[in-house]
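To start, the structure under review is shown below, and the notes come after it.
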Amino acid sequence: MTASGTSGHGDGTAVLRKSSRILSSLGAFVTKGVTLEPREGNPEFRIVETRTGIINSIGLQNNGVEVFVKRELPDFLNADLPIIVNIAANTVEEFGRLASYLSDNDLSQLIKGIEINVSCPNIKKGGLAFGIDPRQVERIVRTVKKNIDSRIIVITKLTPNITDITLPARGAIEGGSDALSMINTLRAMAIDIATGKPYLGNRTGGLSGPAIKPVGVFMVYECFEKIPECRSREVPIIGIGGISTWEDVLEYIMAGATAVGIGTAWFVNQDVFNEIYKGIEKYVIKNNTTIGDLIGKAHEA
Ligand SMILES: Cc1cc2nc3c(=O)[nH]c(=O)nc-3n(C[C@H](O)[C@H](O)[C@H](O)COP(=O)(O)O)c2cc1C
């Protein structure tokens, strides 16, 4: 699936629709983060390139949930792809109102899942402060679940900016999360040595791309290893972070992921979804195996 924030809200599907090859390689489309009220995002510059990835501080720029439902969600009407809406909020109560708005509108049948972002490093309120507190994560997930139709699945997106990711993961599961996704970006900074100042308007941002893949793989491994609901796949894990090749995907699957999301690589290679799909297909046929058999293989004694 796409990783939230890297393929737009509804506008991104225009690109996807142009290419049936991309569409047929995707399992789901995850939107950029949607909030209750519109947000302008952070001051420029908002993205800086590093040797092994990018640092972004977009700050959840979006038009707010009302405009999303009225003007952006209709873009998905003919997409023929499960749509997962990524959401963010400043308070638990706001998460509840946002979820209820998404669940109860004329187009809500288009929404297959809600991904709760409790892990944005680029906003002042909420964001990381939620994501590192297991009890807050639990409260948010419980509130979202309470406010939506039970047919909509809930995914909790976790932050890597924590020593032990299994703690908020357990909080999410206790709150009723149907799946977990990990990881969001890692807090980072780049300095322009000509001016002596940080490049980004927000000074700090979140690192994504190849540099963070080993961190993501480790965190998926940890949750699969230590949390029985993850190991049994009752609460499946969506592996995200630095994936650019089919070999990267296999690492995530062997660590314990059931599905994967791809973001930064899609900025540099429009064929990435298709290439990865084909690469995995070839691997599975050549080795006479299935993805199901490979999930969590790295944990076998
Ligand atoms: C420009 C940009 C915007 C992002 N916006 C969001 C967002 O709105 N919500 C969210 O949960 N994650 C957001 N992310 C994080 C990605 O979904 C993903 O977790 C992260 O980039 C790691 O994956 P990657 O290395 O494949 O890009 C954003 C990432 C980037 C690069």
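The relative contact order of the stretch 39-105 comes to 25 percent, based on Cα pairs under 8 Å that sit 6 or more residues apart.
The alpha-carbon of LYS70 sits under 12 angstrom from the alpha-carbons of these aspartates and glutamates, leaving out residues fewer than 8 places away in its chain: ASP106.
Taking a sphere under 10 Å around the Cβ of ILE191 and counting the other residues whose Cβ falls inside, with K and R at +1 and D and E at -1, yields a net charge of +1. Determine the shape class of the chain: with a ≥ b ≥ c the square roots of the Cα gyration tensor eigenvalues, call it rounded for a/c under 1.5, and otherwise prolate if a/b is greater than b/c, oblate otherwise. Rounded. Here the accessible area of the chain is 52 percent carbon and sulfur, with a 1.4 angstrom probe and all protein chains present. Calculated FRET efficiency, LEU107 to ILE47, Cβ-Cβ distance, R0 = 30 Å: about 0.45 to the nearest 0.05.
Pairs of Cα atoms nearer than 8 Å and 6+ residues apart set the relative contact order; for the chain it is 17 percent. In sequence order, the stretch 109-119 has phi-based couplings of 5, 6, 8, 8, x, 10, 9, 8, 8, 9, 9 Hz under the Karplus curve 6.51 cos²θ - 1.76 cosθ + 1.60, θ = phi - 60°, and Gly or Pro positions carry x. With R₀ fixed at 35 Å, the C-beta to C-beta distance from SER20 to GLU229 puts the FRET efficiency at about 0.45. For GLU115, the residues 5 or more places off, or on other chains, whose built amide H falls under 5 Å of its own are VAL85, ASN86, ILE87, ILE155. Charged side chains reduced to their Cβ positions (Lys and Arg at +1, Asp and Glu at -1) give the stretch 142-242 a dipole of some 220 debye around its Cα centre.
Simple point charges give the picture: +1 on the Cβ of Lys and Arg, -1 on the Cβ of Asp and Glu, and for the stretch 79-160 a dipole about the Cα centre of about 300 debye. Looking at the stretch 60-162, the trypsin sites (Lys or Arg not before Pro) that sit in a DSSP loop and have at most 12 other Cβ atoms within 10 Å of their own Cβ are LYS124, LYS125, ARG151. As a calculated quantity, the FRET efficiency between LYS278 and LEU77 at R0 = 22 Å, using C-beta atoms, amounts to about 0.15. Subtracting the Cα-Cα distance of LYS146 and GLU174 from their residue separation scaled by 0.36 nm leaves 8.7 nm.
Counting only protein chain heavy atoms and rolling a 1.4 Å probe, the accessible areas of SER244, SER57 rank, largest first, as SER244, SER57. When DSSP beta bridges are restricted to pairs lying wholly in the chain, around 35% turn out antiparallel. Residue pairs exceeding 19 angstrom between C-alpha atoms, taken from LYS32/LYS112; LYS226/LYS297; LYS32/LYS157; LYS145/LYS213: LYS145/LYS213.
Can you compute the helix-only [θ] at 222 nm over the chain? Use -39500 (n - 2.57) per DSSP H run of at least 4 residues, normalise by all residues, nearest 500 deg cm²/dmol. Result for the chain: -10000 deg cm²/dmol, rounded to the nearest 500.
Taken over the Cα atoms of the stretch 1-123, the convex hull encloses 113 Å³ per residue. Spin-label pair ASP164-ILE193: with each label point 7 Å from Cα along the Cα-Cβ axis, the two points sit 4.0 nm from one another.
Take every Cα pair under 8 Å whose residues are at least 6 apart in sequence, average their separation, divide by the length of the stretch 176-285, and the relative contact order is 25 percent. Within the chain, the longest run free of GluC sites (Glu not before Pro) that sit in a DSSP loop with at most 14 other Cβ atoms within 10 Å is 45-233.
The values are calculated or read from the model by the stated rules, or taken from the named source; none is laboratory data. The structure presented is a predicted model; accordingly, all values stated were derived computationally and were not measured. Positions of Cβ are backbone-derived with ideal geometry, glycine not excepted, and every protein chain shown enters the neighbour counts. The area values use the complete protein model at the heavy-atom level, side chains included, leaving out ligands, DNA and RNA. Shrake-Rupley method; radii C 1.70, N 1.55, O 1.52, S 1.80 Å.
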